[in-house]
Amino acid sequence: MGARIGNASIIGLSALGFAIAMLGFWLLLGTEMTGALIFALLMAGIAETLAGLFEIVRGQTYIAAILTTFGLWIVGYYFLLTVGAGMHLVTNQGIGLFILLLNIPIGYFSVPALASKRLPLIAALGLIIVLLILVGLGTYFGIDVLNKIAIAFAFLSAIAVWFLAYEALQESVHAS
C-alpha cells in the first residue's frame, strides 16, 4: 500500500486566513502595513496553490478547486501590486475589477456548500464575497468608507477561514 497523503487544506486555509487578516490590518493601519501585506499575499498564494494541488492528488476536488483558485488569484494579485505597479500598469479601476471578479468563482463554489448546508463554509465564502465587494468597489470608485467597513469583514472572514482550517485539523487528528 502507498503512503497516505495528509490533509493539505489545513495549510492552505491557514495561509488564506493569514492573508485576509493582513488585508484587514492594511485597511486599518494604512501604508505602513504594505510590505507585510505584500509578503503575506506571496506566502498565502504559494501555500494555497500547493495545498490545492495536494488536495487534487488526494481526490478532494472541491476543496482543491477552492484553494487553487484562491492561491493563483492571490499570486496574480501579488504580481499586479508589485510588478504591475513597477511597470506603471496599475489603476484603481484595474485593481477594483481584479478584486470584484473573484466573486464569480466564489459564487459557484458556494453552490455545493449551500446544497450540503455546510454552515462554516457558507459563512466563510459569504463573508469573503462581502469583503471583496466592499474592497473592490471602494478601490474602483475611491470610496474610502467602503474600505473602512471592509475592515470588519476582513477580520470576520479570516476567523471563518481559520475555523475551517481548525475543522480540517480536527478531522485529520481523528482520522489518524
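Throughout, read-outs are computed from the coordinates displayed, never taken from laboratory work. All of these numbers come straight from a predicted model, not from anything done at the bench. Note that we place each Cβ from the backbone using ideal geometry, even for glycine, and neighbour counts take in every protein chain shown.
How about region 1-50: which of its residues are of a type in the set (A, V, I, L, M, F, W, C) and either assigned to a loop (DSSP other than H, G, I, E, B) or in contact with a Ser or Thr (Cβ under 6 Å, 6 or more places away or on another chain) (or both)?
Result: MET1, ALA3, ILE5, ALA8, ILE20.
Filter region 54-100 for residues that are at negative phi and without any contact (Cβ under 8 Å) to a residue 12 or more places away in the chain and give the result. Lay out the reasoning, then the answer.
Filtering region 54-100 for residues at negative phi gives 54-58, 60-87, 89-100.
Selection gives THR61, PHE79, VAL83, GLY84, ALA85, GLY86, MET87, LEU89, VAL90, THR91.
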Residues located in region 102-129, provided they are in a helix (DSSP H, G or I), under 24 Å from PHE155 (Cβ atoms) and touching a residue at least 24 places away in the same chain (Cβ under 8 Å): ASN103, PRO105, ILE106, PHE109, PRO120, LEU121, ALA123, ALA124, LEU127, ILE128, ILE129
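Residue by residue, here is whether (1) in contact with a Pro (Cβ under 8 Å, 6 or more places away or on another chain); (2) of a type in the set (Asp, Glu); (3) farther than 23 Å from ILE159 by Cβ; (4) buried (at least 20 other Cβ atoms within 10 Å of the Cβ) holds:
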| site | (1), (2), (3), (4) |
| --- | --- |
| GLY24 | no, no, no, yes |
| GLY30 | no, no, no, no |
| LEU41 | no, no, no, yes |
| GLY59 | no, no, yes, no |
| ILE66 | no, no, no, yes |
| ILE74 | no, no, no, yes |
| PHE79 | no, no, yes, no |
| VAL90 | no, no, yes, no |
| GLN93 | no, no, yes, no |
